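Remarks on the structure that follows.
What follows draws every value from the coordinates through simple rules; no lab data is involved. Because the structure is a prediction, the values reported are computed rather than measured. When we count neighbours, we look across all protein chains shown, and the Cβ atoms used for this are built from the backbone with ideal geometry, even at glycine.
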Amino acid sequence: GENVEQHPSTLSVQEGDSAVIKCTYSDSASNYFPWYKQELGKGPQLIIDIRSNVGEKKDQRIAVTLNKTAKHFSLHITETQPEDSAVYFCAAYPGGNTPLVFGKGTRLSVIA
Amino acid sequence: NAGVTQTPKFRILKIGQSMTLQCTQDMNHNYMYWYRQDPGMGLKLIYYSVGAGITDKGEVPNGYNVSRSTTEDFPLRLELAAPSQTSVYFCASRTVPRTYEQYFGPGTRLTVT
């Protein structure tokens, strides 16, 4: 089955710097890759996603890139702010009735 | 739309007690999921359902049961609670294949002592 690896597990950046979180997946049939942000005490919230027919997608300060050949996708956050501090999860969808397969998460700390 | 709602928000159980965690979604999503998240850890899938009357086991189903009698509701039953079931439980729903987005509820924090 699908396996998603996420790195790093923790990431600290200075406010205003960029942050990059990387994920790899194993199943070439996976065709949808969402990213979730989980703030303390809350449920994960979808922040951006990308489908396999697209290489890059951007929404204001966040962007996601997908390399299908290498089977990896990344989340890029530019001009980081303290409110970006949270746990971020990547996931892959293998298709059909199969549930999303999640990475183990990255704890991002933005230091003011 | 209220999205995905979960009750209760918090609960303390004694070892051996039973309880039902409620989950309701008003988005007419066909797929629903239950996850648990232990402190500082990732999400582990307990059970999921692809439609009313259909349920399937996830990664960590032992000690739990589910039912799906309607599209809206997906309750999670804990029988004979154990300290190892202390966790935060999240319900989620999505609609496939029209869109793939999955939405999570706010969670239920359960402590078993």
Report task. Give the residues of the stretch A:89-103 that are within 12 Å of A:Ile21 (Cα to Cα) and either in contact with a helix residue (DSSP H, G or I) (Cβ under 8 Å, 6 or more places away or on another chain) or part of a loop (DSSP other than H, G, I, E, B) (or both), sorted by residue number. Result -> A:Gly103
Report summary line: The correct count of residues that are touching a residue at least 60 places away in the same chain (Cβ under 8 Å) and farther than 13 Å from A:Ser30 by Cβ in the stretch A:93-112 is 9
Query - Residue selected from the stretch B:30-47 under the condition crowded, with 20+ Cβ neighbours inside 10 Å and more than 9 Å from chain A (Cβ to nearest Cβ), by the criterion nearest to B:Ser69 (Cα to Cα) - result: B:Met32
Report task. Please verify whether the stretch B:39-54 includes one or more residues that are part of a loop (DSSP other than H, G, I, E, B), charged (D, E, K, R) and without any contact (Cβ under 8 Å) to a residue 60 or more places away in the chain. Result -> no
Query - Total residues in the stretch B:65-113, condition surrounded by fewer than 20 Cβ atoms within 10 Å (Cβ to Cβ), away from chain A (no Cβ under 14 Å) and assigned to a loop (DSSP other than H, G, I, E, B) - result: 11
Query raised in the report: Can you name the strands (runs of 3 or more DSSP E) wholly within the stretch A:1-88 that have at least 3 residues being exposed (fewer than 14 other Cβ atoms within 10 Å of the Cβ) and either within 14 Å of chain B (Cβ to nearest Cβ) or free of Cβ contacts under 8 Å to residues at least 24 places away in the same chain (or both)?
Result: A:56-59
